[in-house]
1. Between residue A:43 and residue A:62, what is the spin-label point distance in nm, taking each point 7 Å from the Cα along the Cα→C-beta axis?
2. If eta is 0.890 mPa s and T is 25 °C, what Stokes-Einstein diffusion coefficient results for the stretch A:1-137, Kirkwood Rh from Cα pairs, in µm²/s?
3. For residue A:5 paired with residue A:105, estimate the spin-label separation in nm (one decimal), with each label point 7 Å from Cα along the Cα-to-Cβ line.
4. On full extension of the chain, what length is gained from residue A:134 through residue A:34, given 0.36 nm per residue of separation minus the C-alpha to C-alpha distance?
5. Averaged over A:60-69, how many beta carbons belonging to a partner chain fall within 10 Å of each residue's beta carbon?
6. Within 10 Å of each Cβ in A:129-136, how many Cβ atoms from other chains are there, averaged over the peptide?
7. Given the Cα-Cα distance of residue A:21 and residue A:149 and 0.36 nm per residue of separation, how much length would full extension add, in nm?
8. For chain A, what ratio Rg/Rh do Cα atoms give with a Kirkwood hydrodynamic radius?
């Protein structure tokens, strides 16, 4: 069974091949909705906004929020500060970590029922297990950074998590405000395949912030493979990425 | 981001330095090599530290018998490659390709979130700065 809903400001699709009951699908979406109520910075009554407004002390926060904050801190250190949930305006915004973290938890929720063949796609972060309905390996496409209707790479994640970080350029309108006379050679999309979707998500975010050096950071990290696309449509991949490539 | 590794080299060390620096520079950054045709004093010569935007790269050439016998990367952005001799380690060249349309017959698509709030904020700020 398969369903798509908009939760956490993005389309979330859940397909569970071995399950014919709508109840499991509903409980997965209910989980994402609960996550949104706790972690959304766009909800004034969320726990994260109470924490941001100093209405909640560190000792009063929920176990979930505590776990997410601890993960964010650990990741910030491991990525030399390139991953940071504290925004320039001072707001603590854990959305960069919550997405992958929630998908991982939802995945475990499905695992606990014994279902072995499913895919969760939350805003382009994908966790798949087992096989698709037709018995083949799950096939994941990487979106063309400049043409959202086109796929430019197809991978079999083979149970690994897939996450893509990036931004989209529209013609020549994106430039570096600090160096307006220099051409942008930065990357526009970075896809990471990792042991789980949380790791893939965190390191895709951090490595993207490093620009063209990010793919080297992924190359150096064990258990992560990456595919970076630059402004000119040239892609660079880590040495182990080829394991997952279909076309 | 441009990565410059300006190293004084001589003879057979050039190929090794090219491979190393090109690997650092990935797809787009030119690497400037300055080759001098005279002999060098024995000892170690440390180049200036260059700001590669994401960190600092600094190399040290070890000279013996008037020739560069080793180049050590003293400072590298991710801190884990300090004092490894480039001659003793083959840096991988990462595979590159021009992206091309593939079959759209997939079960799911991974891409940067189209309506990313951060993207929209950064875009409007860039446009505001461009028009100010």
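1. Placing both labels 7 Å beyond Cα along the Cβ direction yields 0.8 nm.
2. Values: Rh = 16.1 Å.
It comes out at roughly 152 µm²/s.
3. Between residue A:5 and residue A:105, the label points sit 1.5 nm apart.
4. Values: separation 100, 0.36 × 100 = 36.00 nm, distance 3.23 nm.
Length gained between residue A:134 and residue A:34: 32.8 nm.
5. Values: counts 0, 0, 0, 0, 0, 0, 0, 0, 0, 0.
Average neighbour count from other chains, rounded to a whole number: 0.
6. Numbers: counts 0, 0, 0, 3, 1, 1, 0, 1.
Mean shielding by partner chains, rounded to a whole number: 1.
7. Details: separation 128, 0.36 × 128 = 46.08 nm, distance 3.19 nm.
Here the segment from residue A:21 to residue A:149 would lengthen by 42.9 nm.
8. Details: Rg = 18.5 Å, Rh = 19.0 Å.
Checking Rg against Rh, the ratio lands at 0.97.
Any read-out appearing in this document is the output of simple, stated calculations on the displayed coordinates, not a laboratory observation. Owing to the predicted nature of the structure, the values given are computational and were not obtained by experimental measurement. As a convention, Cβ positions derive from the backbone with ideal geometry for all residues, glycine included, and neighbour counts pool all protein chains shown.
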